[in-house]
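One structure below.
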Amino acid sequence: MASGGANTSLPERRVADDQPSIEVINHPSPTPYKARLAQLLDPGFGSVFTDHMVSISWSEGLGWHDAILGPRTSLSLDPATAALHYGQSIFEGMKAFRQKDGGAALFRPFDNARRFNSSADRLAMPGLPETLFVEAVRKLVERDRDWFPDAPAGALYIRPFMFASEPFLGVRPARAYTFLVIASPVGSYFSSRSSAISLWVSENHTRAAPGGTGAAKCCGNYAASLLPQRNAIERGYDQVVFLDAVENRWIEELGGMNLFFAFKDGSVITPPLSGTILPGITRDTVITLLRDQGLHVQEQRYSMEQWADDAATGLLTETFACGTAASITAVGKVASSNRTFTIGDGKPGPVSSILRQLVTSVQFGVSPDRHGWLVPV
Ligand code: PLP
Ligand code: COI
């Protein structure tokens, strides 16, 4: 199990890259049936957790070892644990969906595994074999398969993460890491009353600069987004839009979602992967599905002024955000210090509504999985 530093007390069992083997220790007292059902009724997002977790340790010289699927438990950390001081910590967000036939499937888990390793690389952390990453997630979902919520669009949200677990205060990459996977039954990410969200444009704070960590899913990016996000909420908006750090002009993304813009002529734009935004897996899914429908999708820069002007003239008909947690969510209203504008009639438009339907029907196994995105559990 996770400990403050290199794991010295347990026998160390190395994990082979090609044949991941994860020891299973069942929870001695899993959540009773009725208590579980009560928690699954209206789980919201991110506050209900399943009974188990996966834990795998890494230490210099030994590599990955002690892979265990066991009871979900608190961690005991040395106060000098490096991640707590220097933020050497990354994560992924992915979902498992109940299938029409009663089984379960992961959506594009190898893409999460690849992105996880690219985040690890940026933060000077060890990579995890993709097969081990996916096997850890698969095993957890299989073990906690009774935790799928029945709510429409409900899913099992999976959070694989890794942090520097060496107790050391010098500033250098740590020599020990802990990889954990936890799962959370979820409903909709937004508890918002309306079906389209509102956005506040952050003019004083940026999320990522060229050469920085914007394309990595590392904890510091989210910490940096919290103040502007709080400012947006205080003004009555749901989410914050970040602009580029150089010209403070080009639209990048939200704190936890990518953005798309749909136009009257049928074309669609999304900001390019220039290194400062997260390469969203939902973003890639949306681009692929739109192109499948014959629509013209361009990955190109789109400015704040143009966005406001196009919304005013009606050239722009829709804006929507997308991500694993948020799925596809329409944007109804946008405001900055000097401009407020409505997108279309302020309600979800046909492009985002059809896309949401297309994406979720593949995820739930209702439509054919033409791109091989589902991995059965
Ligand atoms: N952008 C940021 C900053 C995110 O945190 C997320 C969520 O993971 C996304 C975009 C969307 O990525 P994905 O579709 O892979 O969930
Ligand atoms: C996700 O969509 O999985 C994320 O990590 C974003 C976060 C806002 C929950």
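Taken together, the values in this text are just the output of simple stated rules run on the coordinates, not laboratory data. These numbers were taken from a predicted model, which means no experiment stands behind them. All Cβ positions, glycine included, derive from the backbone under ideal geometry; neighbour counts span all protein chains shown.
See the values below:
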read-out	value
Per-residue HN-Hα couplings for segment 313-319 [Karplus 6.51, -1.76, 1.60; θ = phi - 60°; Hz; x = Gly/Pro]	7, x, 4, 8, 9, 8, 9
5 angstrom amide H check on residue 72, placed H, neighbours 5+ away	52, 53
Nearest 10 degrees, 0 to 90: helix 130-143 Cα axis against the chain principal axis	80 degrees
Hz values of 3J(HN,Hα) by residue in segment 107-113 - Karplus curve (6.51, -1.76, 1.60), Gly and Pro given as x	9, 6, x, 5, 5, 5, 4
Relative contact order of the chain, pairs being alpha-carbon contacts under 8 Å that are 6 or more residues apart, as %	18 percent
Stokes-Einstein D in µm²/s, Kirkwood radius over Cα pairs - segment 23-188 at 20 °C with 1.002 mPa s viscosity	129 µm²/s
Cα-centred dipole magnitude for segment 251-323, charges only on beta-carbon of K, R (+1) and D, E (-1), debye, nearest 20	140 debye
Cα gyration tensor category, rounded, prolate or oblate, for segment 105-226 with a/c compared to 1.5	oblate
Electrostatic dipole magnitude of the chain [Cβ: Lys, Arg +1; Asp, Glu -1; Cα centre; debye, to 20]	480 debye
FRET E, pair residue 371, residue 150, Förster distance 25 Å, beta-carbon r, rounded to 0.05	0.35
Karplus (6.51, -1.76, 1.60) ³J(HN,Hα), θ = phi - 60°, over segment 272-284, in Hz, Gly and Pro reported as x	x, 7, 9, x, 9, 10, 6, x, x, 6, 5, 4, 5
Unit charges at the beta carbon, dipole of the chain: most positive-side option, 233, 79, 32	32
Cβ charges +1 (Lys, Arg) and -1 (Asp, Glu), total dipole of segment 193-239, debye	100 debye
Expected 222 nm ellipticity per residue - DSSP helices of 4 or more, -39500 (n - 2.57), all of the chain, to 500	-7500 deg cm²/dmol
Segment 246-288 shape via C-alpha gyration tensor axes, a/c threshold 1.5	oblate
Alpha-carbon centroids, segment 85-144 and segment 155-200: separation in whole Å	11 Å
Cα gyration tensor shape of segment 145-281, rounded if a/c is under 1.5, else prolate or oblate by comparing a/b with b/c	oblate
